[in-house]
Every structure is written in C-alpha cells, then in structure tokens.
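Down below is the structure, laid out as structure tokens.
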Amino acid sequence: MAATVDKVQVRAQAKWVGISARKARVVLEHIRGRTVPEARTVLAFTQRAAAHEIEKVLRSAVANAEANHGLIGDELVVAAAYADEGPTLKRWRARARGRVNRIRKRSCHITVVLGENPRAGQVPPRRAATPAQAEASAPAETAEKPKRRAAAKKKTEKKEAAV
C-alpha cells in the first residue's frame, strides 16, 4: 500500500450570526474554491451585510492555520464554505383590527474550511513577452499603422471637389 499524505484542513466557525442562512449562502458561493487573497478581495467589494461576517470567519481560519499548523495564510484555498441554519427567534408585530403578524429573526452558523493549494509549488506560466522581444516588435507595429493625416487629406479633397 502506498502511504497517503494527509492534507491539512483548517476551519473556523461563527455561530448565531444574525443573518439568514439563505443570504449568507449567496456570498459564500463567490469565495468557495478561491485562494485566500482572492476571497478577501471579493469580500471587500461585495456590498452585502453577510460579506462582513464571512470576512471575520475567513480571517479567523487564516489565523488558526498560521498559529496552530504553521502554514502560510496566502497560500491556502477555501476548500469549503457553508452556512447552516441557526435558531429562529419568533417575534410578533401588531396589525390592524387586533391581529398579529409573526416576525422570524433568523440566524445561521457560518463555517469556512481552508486547505492547502494543490498548485502552490508550481511556477506560474509567463504571460508577458521578454523585454527583448517587445522592443523588436514595437517599431514594426508602428510602421504598419495607417497615418491619420492621410485620412484628413481625403476629407479636405472632398470639400474642395464639392465647391
């Protein structure tokens, strides 16, 4: 049998958060599977109230990974992120003619699980050309572009022909 290497998974959980699980799940879908820096950026620019609470849980999970397991936080990936329903507080609101409407104040338990990035050791592919190639190709591109003055001459020739 081959020995399997256990990948470390770190988790953090926030319980009894005053947001419905349905609203939290919408934001959690955006960060699932992303690296920690990407997830932080997404949460910073998400304009939902749940994003602030999820960002706290993500920061806690990164702190757990760094303090308890000696991992580097920016190299981790959000392996799982989910929101379970918490207890619902039932309240009531007076309505007309002696009636009552029920108000449900929902809560949820947010969990974020971080894992090691499978591509952490790989070198990212180069996207930009080397500077020597970029300098050589730049003059050729400028020679192929049409000049603007030629187009301006055509307009003045049409005006003179019309007169």
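Quick notes on this one:
- Just one of the listed residues (Thr88, Thr111, Thr4) is of a type in the set (Val, Ile, Thr), surrounded by fewer than 18 Cβ atoms within 10 Å (Cβ to Cβ) and at pLDDT 95 or above, and it is Thr88.
- Residue in the range 46-61 that is part of a loop (DSSP other than H, G, I, E, B) and among the polar types (S, T, N, Q) present: yes
- Selection within the range 22-39 - touching a Ser or Thr at 6+ places or on another chain (Cβ under 8 Å) and in contact (Cβ under 8 Å) with a residue 24 or more places away in the chain: Val27
- Unmet requirement for Arg104, which otherwise passes all of (1) in a strand (DSSP E or B); (2) under 18 Å from Glu38 (Cβ atoms); (3) of a type in the set (Lys, Arg): (2)
The values are calculated or read from the model by the stated rules, or taken from the named source; none is laboratory data. What you see is a predicted model; the values in this text were computed from it and never measured. Note that each Cβ is placed from the backbone with ideal geometry, even for glycine, and that neighbours are counted across all protein chains shown.
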